[in-house]
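See structure below.
The values are calculated or read from the model by the stated rules, or taken from the named source; none is laboratory data. Because the structure is predicted, anything quoted here is derived from the model rather than measured. Cβ placement follows ideal geometry from the backbone for every residue including glycine, while neighbour counts extend to all protein chains displayed. We work out accessible area using only protein heavy atoms, side chains counted, and drop any ligands, DNA or RNA first. Shrake-Rupley method; radii C 1.70, N 1.55, O 1.52, S 1.80 Å.
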Amino acid sequence: MLTRTHAAALFLLAALPLGAQTGWFRPSLLSKPELRKAMQSVDDRATGIVEEWIRLVEIPAPSGKEQTRAKYIRAEIEKLGLSGIRTDGIFNVSGVRKGTGGGPSVVFAAHMDTVFPEGTDLTVKREGDILRAPGVGDDTSNLLATLEMFRALDRGGVKTSGDLIFLASVQEETGLAGAKHWLENSGYRPDMFVAVDGSATEVWYGSLRINQFKFFYASPGAHTLESRGTPSPARAVAKAINALYGIPLPPVAEGLGTFKLPTLNVGMLGGGTVVNAIPREAWFTVDLRSLDSATQDKLESAVVSTVRRIGEMEGVGFRMERRMAVDYSRALPRQERLNHGVVQTAVATVNHFRKPGSPEIVPTDVGSTDANIAVSMGIPAVSVGAAVQRMPHRLEEYAEASTIIPGIKSLIALGFALTTH
Ligand SMILES: [Zn+2]
């Protein structure tokens with residue numbers, strides 16, 4: 001199936017002038033009675049959709065603790081009669097909406113986890129069309145939108161040629177671990193992969209190189225009274241962080257909007273148990289990101305050697321954990337990824353449904369979503385968002401409630417066009 005899919009994409013691209021590529025989406029598809037019925041059903045349920053979105057945001061789901069959300073999602077997809085419904089060992093929830101045959105299989109994946117720890121106030125505050133809450137956009141908006149997309153396809157009685165696979169993934173925020181586990185162990189090898197993540201204003205077809213580390217320094221510890229001149233993990237952490245921010249980075253890559261890459265970020269630090277002693281252990285994390293493997297590898301070795309060297313200079317013990325390591329050697333070349341039907345169709349659908357008056361959405365060669373794993377495996381992949389949202393990973397996160405409605409319609413159109421062409 002994949003070969004035929006590729007051939008179709010190449011033919012289509014050859015026949016169209018550059019800039020007029022639309023993949024497999026045609027606005028005329030939307031006049032099919034089943035699709036019209038599906039779209040209308042989303043409008044009819046608009047109020048209920050936003051109410052359910054709010055309820056879902058308020059179910060806590062820190063990475064690794066997604067069980068309650070997973071149960072909710074599983075109960076909902078069971079109502080849809082998907083086949084092969086399963087919750088795997090780490091709580092990824094998936095199910096298959098069978099096609100009539102002969103079309104490619106496509107995964108639609110949204111992640112259940114959020115970056116916010118247990119105890120975070122998740123109460124959604126509504127001000128007009130704005131919903132404010134940690135996790136309201138990333139990725140709860142897209143999780144609900146994907147669920148609603150599958151429901152609406154049923155309500156319209158839409159039949160697709162290829163299978164549509166629903167995946168609610170776990171541990172996206174801590175290294176894309178859920179999607180990796182599912183793609184490696186589920187037994188499915190989809191023809192295409194759509195990560196429903198990020199804002200409705202973005203289409204990503206790449207995969208940022210991401211490495212995440214946790215570095216630890218250790219010592220026997222000592223009372224403050226005996227601490228003078230004694231090796232200190234706390235001081236080593238301070239020196240190491242300072243040194244890391246002194247590593248020269250290549251110039252900021254252009255065309256990435258507000259993203260400034262390559263970059264490194266120390267996001268967490270900690271250690272010690274009392275005020276009046278040298279900590280026995282102190283630690284910090286590093287999140288390192290760039291656009292290509294060569295740059296990333298160079299920066300990674302600079303980071304690791306710097307932290308190791310400072311540990312030696314400070315006379316403290318050193319160890320490290322890696323939270324993320326994806327091998328991109330099987331990834332398709334950039335132009336091939338961009339030209340693939342999955343990306344071109346996504347760009348055409350999101351632009352068809354984008355907010356009136358908002359700028360045209362252009363695909364960007366970045367990505368830090370579940371689609372990265374598919375890209376690394378050579379599976380044609382894209383990342384799209386359903387609702388307009390801002391400030392992910394911050395307590396001030398917010399989203400525009402009404403934008404989820406056209407966003408869901410865009411997913412319906414995308415799912416249909418990708419599986420049935
Ligand atoms: Zn995120």
Exercise for the section: For residues that are assigned to a loop (DSSP other than H, G, I, E, B) and among the small types (Gly, Ala, Ser), scanning just the stretch 335-381, find the one that is farthest from the chain's Cα centre (by Cα). Expected result: Gly357
Problem - Subset of the stretch 134-153 [free of Cβ contacts under 8 Å to residues at least 60 places away in the same chain and either outside any helix (DSSP H, G or I) or over 22 Å from the mean Cα position of the chain (by Cα) (or both)] - result: none
Problem - Some residue of the stretch 13-25 being modelled with pLDDT of 95 or more, assigned to a helix (DSSP H, G or I) and open to solvent by 20 Å² or more (accessible area, probe 1.4 Å) - result: no
Handout entry: Selection within the stretch 217-229 - free of Cβ contacts under 8 Å to residues at least 60 places away in the same chain and surrounded by fewer than 18 Cβ atoms within 10 Å (Cβ to Cβ)
Key = Ala222, His223, Thr224, Leu225, Glu226, Ser227, Arg228, Gly229
Practice task
Residue by residue through the stretch 360-390, note down the ones that are within 16 Å of the ligand (Cβ to nearest atom), open to solvent by less than 30 Å² (accessible area, probe 1.4 Å) and either touching a Phe, Trp or Tyr at 6+ places or on another chain (Cβ under 7 Å) or more than 19 Å from Ile412 (Cα to Cα) (or both).
Solution key: Val366, Gly367, Thr369, Asp370, Ala371, Asn372, Ile373, Ser383, Gln389
Problem - Residue that is farthest from the chain's Cα centre (by Cα) [pool: residues in the stretch 393-417 that are more than 29 Å from Ser28 (Cβ to Cβ) and of a type outside the set (A, V, I, L, M)] - result: Glu396
Fill in the blank from the handout: By residue number, the members of the stretch 109-133 that are open to solvent by less than 30 Å² (accessible area, probe 1.4 Å), within 11 Å of the ligand (Cβ to nearest atom) and either over 11 Å from the mean Cα position of the chain (by Cα) or more than 28 Å from Leu414 (Cα to Cα) (or both) are Phe116
Handout entry: Qualifying position, being over 23 Å from Thr140 (Cα atoms), open to solvent by less than 40 Å² (accessible area, probe 1.4 Å), assigned by TED's automatic domain parsing to the domain that holds Leu414 and away from the ligand (no atom under 16 Å from the Cβ), among Gly311, Gly341, Gly357
Key = Gly341
Handout entry: Hits in the stretch 154-194 (condition: away from the ligand (no atom under 15 Å from the Cβ) and either in a helix (DSSP H, G or I) or polar (S, T, N, Q) (or both))
Key = Asp154, Arg155, Gly156, Thr160, Ser161, Lys180, His181, Trp182, Leu183, Glu184, Asn185, Ser186
Exercise for the section: Inspect the stretch 285-302 for any residue being in a loop (DSSP other than H, G, I, E, B) and away from the ligand (no atom under 16 Å from the Cβ) and give the result as yes or no. Expected result: yes
Completion exercise
Selection from the stretch 230-253 of residues in a loop (DSSP other than H, G, I, E, B), without any contact (Cβ under 8 Å) to a residue 60 or more places away in the chain and open to solvent by less than 80 Å² (accessible area, probe 1.4 Å) yields Thr230, Gly246, Ile247, Leu249, Pro250, Ala253
